[in-house]
1. How high is the relative contact order of segment 104-197, in percent, with contacts defined as C-alpha pairs under 8 Å that are six or more residues apart?
2. Just need the Rg to Rh number for the chain, please, alpha carbons only, Kirkwood Rh.
3. At 0.36 nm per residue, and after removing the present C-alpha to C-alpha distance, how many nm does the segment from Thr122 to Thr151 gain when stretched out fully?
4. Please list, ordered by chain and number, the residues whose modelled amide H lies under 5 Å from the amide H of Ala40; skip anything fewer than 5 residues away on the same chain.
5. At R0 = 22 Å, how high is the FRET efficiency between Thr47 and Thr24 if r is their beta carbon distance? Nearest 0.05 is fine.
6. What ³J(HN,Hα) values, in whole Hz, does the Karplus curve 6.51 cos²θ - 1.76 cosθ + 1.60 give for segment 88-103 when θ = phi - 60°, with x put for Gly and Pro?
7. Over the chain, calculate the relative contact order: mean separation of alpha carbon pairs under 8 Å at least 6 apart, over the residue count, as a percent.
8. Let me make sure I get this right: for segment 35-140, a, b and c are the square roots of the gyration tensor eigenvalues over alpha carbons, sorted descending. Under 1.5 in a/c it's rounded, otherwise prolate if a/b > b/c, else oblate. Which is it?
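The numbers here are math on the coordinates, done by the rules we state, and not lab data. Values in this document were obtained by computation on a predicted structure and should not be read as measured data. Positions of Cβ are generated from backbone atoms using ideal geometry, with glycine treated the same way; all protein chains shown enter the neighbour counts.
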Amino acid sequence: QSVNLTVTGAPAGVTATVTPGSVTAGGTATLNVTTTAATAAGTYPLTITGNATSGSHTGTYNLTVTGVTPPGGLVNGGLETGSLAPWSCQSGGAVVATPAHSGAHALQAAATAGQTGQCQQTVTLSPNTSYTLSGWVQGSYAYLGVSGGATASTWTNASGWTKLTVPFTTGASGTVTVYLHGWYGQGNVFGDDFAIA
């Protein structure tokens, strides 16, 4: 019988195809993967599905993308990979489709009575250097800031998208943690288009 092969799960900047797209049962095919500079570093599951008249089977393979950290050190600032990596969040944090400031995704930080919902990523910049963190945020008591090798933050209480900027100067290590969070019991806050310049 003929088996049709498809691949899903490729993030932005990755093209994944199976050649040939159809094989006779017992035949072989090749998975071809190409990446571009737009692909954020991370691990992405690619699922191969074989469909035939008798049923379907799937197999999952992990694509690991490594690369040079972009200027400014911040990775996946627009969340357009559709994945949190390399961001990490407290419980309830996620990549969401709406609301998004630009593109198709944004970051959600889930503030509850017991947590601020902080989402963060650690970046390494030049030591003892002045930078400005920027990002678009929305929600009650949305905080944007850096901690670790520098300490600075700002916040807004806006129902629509508002651009926040946070000037800071790195310490001797150059490493800082960028974060977005809300405030206890105030509900979800959202962020998008984060950058360091």
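1. 45
2. A ratio of 1.10.
3. 9.1 nm
4. none
5. Efficiency computed from Cβ-Cβ geometry: 0.50.
6. 10, 9, 5, 3, x, x, 6, 8, 10, 8, 9, x, 10, 6, 8, x
7. Computed value for the chain: 19 percent relative contact order.
8. oblate
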